[in-house]
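Below is one structure; the comments refer to it alone.
The values are calculated or read from the model by the stated rules, or taken from the named source; none is laboratory data. Treat the numbers as computed from the prediction; the structure is a model and nothing was measured. All Cβ positions, glycine included, derive from the backbone under ideal geometry; neighbour counts span all protein chains shown. Just so you know, the surface numbers come from the protein's heavy atoms only, side chains and all, with ligands and any DNA or RNA stripped out. Shrake-Rupley method; radii C 1.70, N 1.55, O 1.52, S 1.80 Å.
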Amino acid sequence: MAQRGTLGVAVIGTGKMGADHVRRLDQVTNGARVAAVVDVDAERVKRIADGIEGCTAHTDAAAAMASDGVDAVLIASPGPAHEAALLTAFEHDLPVLCEKPLTPGSESALRVLEAEQKVGHRLVQVGFMRRYDTEYAKLKALLNTGQLGRPLMLHNRHRNVATPPGFTSEMLINDSVVHEMDITRWLLDQEITAVTVLKPTPSGNAPEGLQDPQFVVFETAGGAIVDVEINVNCGFGYQVQAEVVCERGTARIGDGHALVTNQAGRWGGTIAQDFVERFEDAYDRQVQAWVDATRRGEVTGPSAWDGYATAAVCEAGVRAQNEGGRIEVELVERPAFYS
Ligand code: NAD
Ligand code: ISE
């Protein structure tokens, strides 16, 4: 299909991620412009709009989506606000890039799936941006060749420097491990069937009452075992690492060896300090791929089904965290619409 003109994007939510996406769409991405910005914080949204030619400021997402020049929507508001914004976008038949989570629970995610199916064609890409990270993409391509054989195990480490105020033990699953849920399903091309959460004595770095770190184990439909160290007050840096152990070999990413220095009797490098730095390239590639596909009239990338499936795994994960033991994931049958 022929490329359409410059894509006018409404960005909903202009906090840490939203402001970064506004900058990206304005300065990095080809073929797009920020047509409107939305935030419940009126001063913040006006300040951001004022910096971009032709961009309008709104405190109401519906008004922004109805405004002139808006062809697509990027949702970067907090998870609980996603469902309403998605349903409004569907009313206007607007393609959407929705930051993870699609919605914070499987019931609300199912409502989104039903609404998208009623529109009759796909509109949603979910912001599981790790799929666009160069290293993860290489790992996926290698697994797809089959040369390593069947994946048996996947080890993941997910470390953050420190948690923001209000970060809860459930958020280690819902906000952080949700990325490993998506990457496991994508790399192994299998659904996750059960979750177990083990809880070491909390780190002295963790705020009072926060169960951090946690050790999460997934079982998959094909019999692979996946573990995740989630450790969000490690203090030293932002690290995301993965090692797949297959029948005929292993493959590992995320060691951060892009630049190694030798100096004064020591060797080493630096560690990224947050996701915006570690995954800058992945966010850029994700948004460019979304803009390109949208201008071609296509929807690609992680779908609303991926958003629903991860929400269901999150629910099992939070139950495993609270109740202990192994909790099976409950998934509805995948509609043909998402095959
Ligand atoms: P944030 O708190 O920094 O920003 C959220 C912004 O949304 C705030 O400015 C707030 O005023 C605004 N807001 C709140 N309710 C709104 C509503 N109903 N309509 C419009 N604006 C509203 O949060 P954040 O860290 O930027 O996270 C935003 C989203 O991005 C979340 O879904 C989060 O899970 C996701 N996220 C993704 C990644 C990633 O690596 N992909 C990283 C961080 C956050
Ligand atoms: C945050 O919401 C993200 O999505 C980051 O990618 C993740 O590393 C972090 O733990 C989450 O809180």
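List of remarks:
- Ellipticity at 222 nm from helices only: DSSP H runs of n ≥ 4 in the chain, each -39500 (n - 2.57), divided by the residue count, give -10000 deg cm²/dmol.
- Residue-level accessible surface for residue 300, protein heavy atoms, 1.4 Å, Å²: 50
- When 182, 50 are compared by accessible area at a 1.4 angstrom probe, the order from most to least is 50, 182.
- Near residue 233, the amide H atoms lying under 5 Å from its own belong to 160; only residues 5 or more places off or on other chains count, and H is placed 1.01 Å from N.
- Burial order of peptide ranges 125-132, 7-14 (average beta-carbon count within 10 Å, highest first): 7-14, 125-132
- Packing rank of 109-118, 321-330, 261-270, where each peptide gets the mean count of other beta carbons within 10 Å, highest leading: 109-118, 321-330, 261-270
- Pairs of lysine residues in the chain that meet both criteria, 8 or more places apart or on different chains and Cα atoms under 29 Å apart, total 9.
- Under 16 Å from the residue 284 label point (7 Å along Cα→beta-carbon), backbone N, segment 5-28: 20-28
- Ordering of 151-161, 170-180 by burial proxy (mean other Cβ atoms within 10 Å per residue, highest first): 170-180, 151-161
- Residues of segment 269-288 falling in the label zone of residue 16, defined by backbone nitrogen less than 14 Å from a point 7 Å along Cα to beta-carbon, are 273-280.
- Multiplying the residue separation of residue 296 and residue 264 by 0.36 nm and subtracting their alpha-carbon distance yields 6.2 nm.
- J(HN,Hα) series, segment 6-13, from Karplus relation 6.51 cos²θ - 1.76 cosθ + 1.60, nearest Hz, glycine and proline x: 3, 7, x, 10, 9, 9, 9, x
- Derived scalar couplings between HN and Hα for segment 82-91 equal 5, 4, 4, 5, 5, 5, 5, 4, 5, 4 Hz in order, rounded to whole Hz, by the Karplus curve 6.51 cos²θ - 1.76 cosθ + 1.60 (θ = phi - 60°), x for Gly and Pro.
- Between the amide H of residue 193 and those of 219, 220, 221, distances stay under 5 Å, these residues lying 5 or more places away or on another chain, with hydrogens modeled in the peptide plane.
- Ordering 302, 265, 38 by Cα displacement along the dipole of the chain toward the positive end leaves 265 in first place; charges were set at the Cβ atoms of Lys, Arg (+1) and Asp, Glu (-1).
- On the beta carbon distance between residue 236 and residue 118, with R0 = 51 Å, the FRET formula returns roughly 0.60.
- Between the helical axis of 178-188 and the longest alpha-carbon principal axis of the chain there is an angle of about 80 degrees.
- Percent carbon-and-sulfur accessible area, the chain, ignoring ligands, DNA and RNA, probe 1.4 Å: 50
- The chain: angle of helix 106-119 to the longest principal axis, Cα-based, in degrees nearest 10: 40
- Potential lengthening of the chain between residue 91 and residue 68 amounts to 6.7 nm, from the contour at 0.36 nm per residue minus the alpha-carbon distance.
- Label point at residue 194 placed 7 Å out along Cα→Cβ; residues across segment 227-244 whose backbone nitrogen lies under 20 Å: 227-229
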